[in-house]
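Encoded as structure tokens, the structure appears first; notes follow it.
The values are calculated or read from the model by the stated rules, or taken from the named source; none is laboratory data. On a predicted model such as this, the values are computed, not experimentally measured, just so you know. Reconstructed Cβ throughout: ideal geometry from the backbone, glycine too, with neighbour counts over all protein chains shown.
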Amino acid sequence: MNQYAWVDLGDYGIFRKRLLFFWPRFSTNHWQDHGLGLMRTLMHQHGFLSDVLSVKNYRDADDIVQHLLPYNVLLMNVRSYNFHQARDIATRFKHLRPNGKVIVGGMHTIVSLEEMESVEAFDRICVGAGEASIPELLADLDSGPRVIQGKSMASMDDWPAIDRSLWPRPLNTRLPFPLEPAMRGWNPGPVASVMSSRVCPWRCSFCNEASYIKNIQRKSVDKLIDELNQLDRDHGPIGSVVIHDSMFFQQPSWLEEFVDKYPTHANRPWPYWAAARADTIRKWPDLFRRMVMSSHWNIVSIGLESGSDNTLLTLNKECTAADNVFAIRLINEIGDAQEKAGLQPVRLFSNIMWGVPGETREDTFDTIRMVSMIKRPLLSNSLYAPYPGGALGYQIAAEGNSLLSSEGLNRDPASAKTRNIDYRFVKAAMRGRHNAEALRDFGNWLGRIEAQGPLEPLKQFGSAQNLFVFNMRGGRKKVSWGTTREHAVAVLRIRLSERELEEIDLSSAERFSQNRLPEIARQL
Ligand code: B12
Ligand code: SF4
């Protein structure tokens with residue numbers, strides 16, 4: 001046994017053995033954590049040997065904490081959605097073993113450092129990326145400040161390939177460890193999940209990933225393909241691949257190289273799942289078509305979110321409904337051509353968001369209309385959740401309208417998360433109860449959004465929308481986004497009443513860059 005123990009967070013018990021006659025159903029929650037895998041690989045390379053205990057192999061907190069007691073140091077990757085679990089495990093551990101140490105890092109350290117600091121049981125907190133800091137931190141555990149700024153490497157090519165045997169081994173031997181299980185209806189298993197890029201540069205207001213993750217250079221195409229080939233040799237045969245990048249379809253020169261090499265350099269051009277945006281598809285349609293047709297990209301994931309331009313503005317999606325329709329039609333058309341040629345047609349996996357603040361019934365109907373156009377859908381429907389980290393999430397919480405609490409950021413896609421939403425209507429719409437009513441007006445909707453067109457300037461990503469902060473009468477601040485300050489006010493008008501708008505000094509708009517968002521969030 002080693003003195004360090006990594007605690008893999010997630011859903012209690014889901015890696016445990018099941019009865020033989022019960023065929024297990026796997027979900028994305030069974031997939032492994034690349035952050036933990038990378039950090040453990042680095043620790044082992046630097047001589048800091050560790051064990052790993054996954055909550056997924058234990059019944060509950062009491063169960064896992066009993067097994068953690070022999071260790072001197074616990075390490076955890078804390079994301080916002082598992083903050084409460086990390087706090088619970090750390091507090092119980094320290095209660096029973098006061099001399100033990102708990103070292104934490106992960107996304108939640110950036111989006112809510114105050115909350116992390118409020119947990120007495122966290123002895124050391126590494127803020128942000130930690131791959132270049134972990135050896136230093138462990139070499140000098142007993143001195144130095146409680147909170148340290150983590151450092152990243154310059155490029156993902158500097159990261160070692162994850163030693164996947166260091167991931168937690170599931171008790172359920174039907175899970176294809178160290179590869180991962182296939183999702184029902186997706187590509188065949190076992191799945192190899194990989195990452196080629198770390199951060200999406202866009203600024204959707206429910207995500208704002210680039211505000212709290214440092215962008216580093218993308219992994220080279222050769223290194224990515226080598227990693228897959230090696231996995232196939234060591235642990236395969238691989239059934240299919242999931243490229244976990246938040247935004248895979250960006251940087252055309254990298255994509256061109258990938259589409260040239262993957263079909264011939266990979267041991268087998270495994271079918272894969274990866275993400276794009278409607279506007280990147282609209283900008284590079286030929287490249288997109290080529291990638292789908294010749295690199296086996298057969299599940300394209302796009303966060304279409306909504307068919308309403310107003311909702312897309314509230315979400316700062318920087319895409320219009322017309323962009324979404326463009327992407328849907330192109331994917332339908334490629335799929336039809338593939339089917340005609342006797343090939344398996346490409347499918348569109350899409351996140352659809354319901355119950356977004358400020359949405360009217362008509363906006364919801366627009367989403368139903370848009371979804372009806374997808375010929376081969378794999379839909380992931382969720383109610384909007386005001387998570388910290390995104391500008392809208394911080395803002396909704398500051399306005400007192402979030403129903404999420406740090407006692408457990410509710411991940412159930414179907415439970416209420418925001419005040420002032422007519423969830424009876426929204427849930428009925430999600431279940432298809434309003435389809436007939438919405439689709440009666442399909443033609444008008446299509447004509448209306450096509451007249452609107454793409455969000456310009458499409459040529460230069462990143463300059464369409466700016467982030468603004470306004471002063472409020474009581475001394476607080478409010479954030480919004482738009483092409484100009486007037487536009488940012490118009491975006492606020494979609495979800496706020498005239499009385500609420502009167503609280504804002506509309507002339508005080510100040511532009512700010514996305515990386516200042518966590519700091520500005522404290523003033524909302
Ligand atoms: C792959 C992925 C998934 C996968 C797999 C997740 C898994 N099993 O771990 C799937 C698809 C299942 C998924 C689902 C979800 N995800 Co996700 N996911 C990602 C993604 C794209 C990559 C994560 C990753 O591996 N990154 C690479 C590693 C190396 O980074 P890392 O884990 O952060 O670790 C680094 C640092 O944080 C730090 N560090 C971490 N731990 C420690 C510990 C110590 C001691 C130290 C010193 C440092 C340190 O050092 C590491 C190296 O730099 C990220 C976005 C991103 N670009 O990171 C979103 C992300 C983590 N997901 C997110 C969310 C919200 C979700 C969902 C809740 C979405 C939903 N509504 O359902 C679900 C919840 C899943 C669950 N299991 O409960 C958010 C988290 C936001 C937050 N504030 O924490 C992110 C950031 C995306 C976003 N922009 O909103 N996700
Ligand atoms: S929602 Fe998707 S496109 Fe928007 S910032 Fe996040 S990862 Fe990027």
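Quick notes
- Candidate set from the stretch 195-222 (those that are within 11 Å of ligand 1 (Cβ to nearest atom) and among the β-branched types (Val, Ile, Thr)); member that is modelled with the highest pLDDT: 216
- When residues in the stretch 281-330 are screened for being without any contact (Cβ under 8 Å) to a residue 24 or more places away in the chain and among the aliphatic types (A, V, I, L, M), 1 of them pass.
- Residue 379 satisfies every condition listed in (1) within 20 Å of the chain's Cα centre (by Cα); (2) buried (at least 19 other Cβ atoms within 10 Å of the Cβ); (3) within 22 Å of residue 282 (Cβ to Cβ) except (2).
- The criterion of at least 2 residues that are β-branched (Val, Ile, Thr) and either surrounded by 18 or more Cβ atoms within 10 Å (Cβ to Cβ) or not assigned by TED's automatic domain parsing to the domain that holds residue 217 (or both) is met by the following strands (runs of 3 or more DSSP E) wholly inside the stretch 238-324: 240-243, 297-305.
- Residue check, residue 89 at pLDDT 95 or above, over 26 Å from residue 211 (Cβ atoms) and of a type outside the set (S, T, N, Q): yes
- The listed residue being among the β-branched types (Val, Ile, Thr) and surrounded by 21 or more Cβ atoms within 10 Å (Cβ to Cβ), out of 396, 352: 396
- Test for residue 301: is it at pLDDT below 95 and either in contact with a His (Cβ under 7 Å, 6 or more places away or on another chain) or of a type in the set (Ser, Thr, Tyr) (or both): no
- Residue 254 within 16 Å of ligand 2 (Cβ to nearest atom) and out of contact with any strand residue (DSSP E or B) (no Cβ under 8 Å at 6 or more places or on another chain): no
- With respect to the conditions (1) modelled with pLDDT of 95 or more; (2) surrounded by fewer than 22 Cβ atoms within 10 Å (Cβ to Cβ), residue 81 lacks only one, and its number is (1).
- If the condition is being assigned to a strand (DSSP E or B) and buried (at least 21 other Cβ atoms within 10 Å of the Cβ), then the stretch 470-488 contributes 470, 478, 479, 480, 481.
- Complete set of residues in the stretch 262-287 that are more than 16 Å from ligand 2 (Cβ to nearest atom) and among the aromatic types (Phe, Trp, Tyr): 262, 270, 272
- Residue count for the stretch 186-204 satisfying the condition of being aliphatic (A, V, I, L, M) and away from ligand 2 (no atom under 14 Å from the Cβ): 3.
- Among the candidates 325, 259, 292, 241, residue that is more than 16 Å from ligand 2 (Cβ to nearest atom), within 29 Å of residue 396 (Cβ to Cβ) and either out of contact with any Pro (no Cβ under 8 Å at 6 or more places or on another chain) or β-branched (Val, Ile, Thr) (or both): 325
- Evaluation of residue 34 against the conditions (1) surrounded by fewer than 20 Cβ atoms within 10 Å (Cβ to Cβ); (2) more than 15 Å from ligand 1 (Cβ to nearest atom); (3) modelled with pLDDT of 95 or more shows that the sole unmet condition is (2).
- Looking across the stretch 427-453, just one residue is in contact with a Gly (Cβ under 8 Å, 6 or more places away or on another chain) and farther than 10 Å from residue 365 by Cα, and that is 449.
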